[in-house]
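Written below as structure tokens is the structure these notes are about.
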Amino acid sequence: MFDDVAPKYDVVNDVLSMGQTRRWRKIVVEAMDVKAGQRVLDLAAGTGTSSEPYADAGIDVVACDFSLGMLKVGKRRRPDIDFVAGDATRLPFADNTFDASTISFGLRNVNEPKRALTEMLRVTKPGGRLVIAEFSQPVVPLWRTMYTEYLMRALPAIAVKVSSNPDAYVYLAESIRAWPDQDHLAAWLQEAGWENVTYRNLSGGIVAVHRAQKPLAGPAAGAAALAAGTGPVSRLRRNITRPAR
Ligand SMILES: C[S@@+](CC[C@H](N)C(=O)[O-])C[C@H]1O[C@@H](n2cnc3c(N)ncnc32)[C@H](O)[C@@H]1O
């Protein structure tokens with residue numbers, strides 16, 4: 001499916017999000033807080049649009065995706081970026097490779113998202129950061145209703161006019177509705193072993209940006225606690241910090 005939408009992927013995104021994607025992406029880069037010379041994994045990078053700001057800032061970014069169609073479009077546009085073919089659930093990188101990892105609008109598309117969270121933990125250095133941008137649940141009920149109407153009715157209709165594969169946007173709408181809300185994703189992160197989990201709602205919760213850190217002490221401490229039955233999700237949830245804005 002992603003191979004099919006690759007050629008017009010970025011233009012269609014801008015139209016369907018009414019220009020909001022640019023603002024969301026800027027906030028993701030700020031949340032990563034990485035410096036020139038550091039190594040960053042941008043997972044499910046697609047055509048590399050989410051990787052570009054890092055490359056532009058002199059950061060050594062690896063754009064990884066399993067769609068060769070998306071990678072091809074990306075490489076043609078930005079030959080300077082290191083595009084790597086790889087599956088999020090079985091990353092082709094050694095343990096503790098990256099100073100920080102990120103995934104923008106991709107985790108929802110991965111067949112086994114929890115496994116991708118564990119894989120990102122493995123390849124990130126101890127103390128390193130994870131930032132996830134993903135569609136989420138608007139928090140105010142009226143806004144949620146309006147947004148759901150847009151998703152289920154207007155978006156597929158617009159997609160017929162602007163996309164070569166409108167069915168992909170029906171899938172997009174359905175996958176967003178089926179995706180866990182902000183707290184639920186935060187709990188998944190903690191289950192996978194990430195700590196200091198926070199999130200910030202953008203556009204009233206249409207998108208959430210989750211931030212987390214790999215423990216310094218050792219890999220997958222949270223996952224080990226969970227396996228041992230000492231870290232139930234209910235207790236983990238109480239430790240999730242929501243930033244003020
Ligand atoms: C909506 S695009 C996001 C692309 C980019 N991050 C952005 O912000 O524009 C989602 C991407 O996830 C990729 N993807 C889905 N499942 C994957 C997996 N298991 N491993 C790697 N990439 C995957 C798709 O190929 C697609 O390029």
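The values are calculated or read from the model by the stated rules, or taken from the named source; none is laboratory data. What you see is a predicted model, and the numbers here were worked out from it, not measured in a lab. Here the Cβ positions follow ideal geometry from the backbone for every residue, glycine too, while neighbour counts run over all protein chains shown.
Give just the number: which of (1) loosely packed, with under 15 Cβ neighbours inside 10 Å; (2) touching a residue at least 60 places away in the same chain (Cβ under 8 Å) does Ala157 not satisfy?
(2)
Hey, among Asp56, Asp95, Asp82, which residue is of a type in the set (Asp, Glu), assigned by TED's automatic domain parsing to the domain that holds Thr124 and more than 27 Å from Trp194 (Cα to Cα)?
On the way: Asp95 fails: more than 27 Å from Trp194 (Cα to Cα); Asp82 fails: more than 27 Å from Trp194 (Cα to Cα).
Going through Asp56, Asp95, Asp82 in turn, just one is of a type in the set (Asp, Glu), assigned by TED's automatic domain parsing to the domain that holds Thr124 and more than 27 Å from Trp194 (Cα to Cα): Asp56.
Tell me, which strands (runs of 3 or more DSSP E) wholly within region 108-213 include 1 or more residues that are of a type outside the set (A, V, I, L, M) and within 16 Å of the ligand (Cβ to nearest atom)?
Working: elements: 124-135, 195-202, 207-213.
Because the criterion is at least 1 residues that are of a type outside the set (A, V, I, L, M) and within 16 Å of the ligand (Cβ to nearest atom), the strands (runs of 3 or more DSSP E) in region 108-213 that meet it are 124-135, 207-213.
Which condition number does Val29 fail, the rest of (1) at pLDDT 95 or above; (2) among the aliphatic types (A, V, I, L, M); (3) farther than 27 Å from Asn196 by Cα being met?
Just one mismatch for Val29, condition (3).
Residue under question is Ser67, and the condition is that it be touching a strand residue (DSSP E or B) at 6+ places or on another chain (Cβ under 8 Å), within 11 Å of the ligand (Cβ to nearest atom) and either closer than 20 Å to Ala133 by Cα or not small (Gly, Ala, Ser) (or both); does it hold?
For Ser67, the condition - touching a strand residue (DSSP E or B) at 6+ places or on another chain (Cβ under 8 Å), within 11 Å of the ligand (Cβ to nearest atom) and either closer than 20 Å to Ala133 by Cα or not small (Gly, Ala, Ser) (or both) - is not met.
Within region 176-193, is there a residue that is surrounded by 14 or more Cβ atoms within 10 Å (Cβ to Cβ) and on the phi > 0 side of the Ramachandran plot?
So far as region 176-193 goes, yes, one or more of its residues are surrounded by 14 or more Cβ atoms within 10 Å (Cβ to Cβ) and on the phi > 0 side of the Ramachandran plot.
In region 186-208, which residues are within 19 Å of Trp143 (Cβ to Cβ) and touching a residue at least 60 places away in the same chain (Cβ under 8 Å)?
Hits for region 186-208 are Arg200, Asn201, Leu202, Ser203, Gly204, Gly205, Ile206, Val207, Ala208.
Name the single residue, out of those in region 81-107 being more than 8 Å from the ligand (Cβ to nearest atom) and among the β-branched types (Val, Ile, Thr), that is nearest to Val123 (Cα to Cα).
Per the stated criteria, the residue is Thr97.
Taking the conditions exactly as written (surrounded by 24 or more Cβ atoms within 10 Å (Cβ to Cβ), within 12 Å of the ligand (Cβ to nearest atom) and within 26 Å of Thr118 (Cβ to Cβ)), does Leu41 satisfy them or not?
On the way: surrounded by 24 or more Cβ atoms within 10 Å (Cβ to Cβ): yes; within 12 Å of the ligand (Cβ to nearest atom): yes; within 26 Å of Thr118 (Cβ to Cβ): yes.
When the stated conditions are applied, Leu41 passes them.
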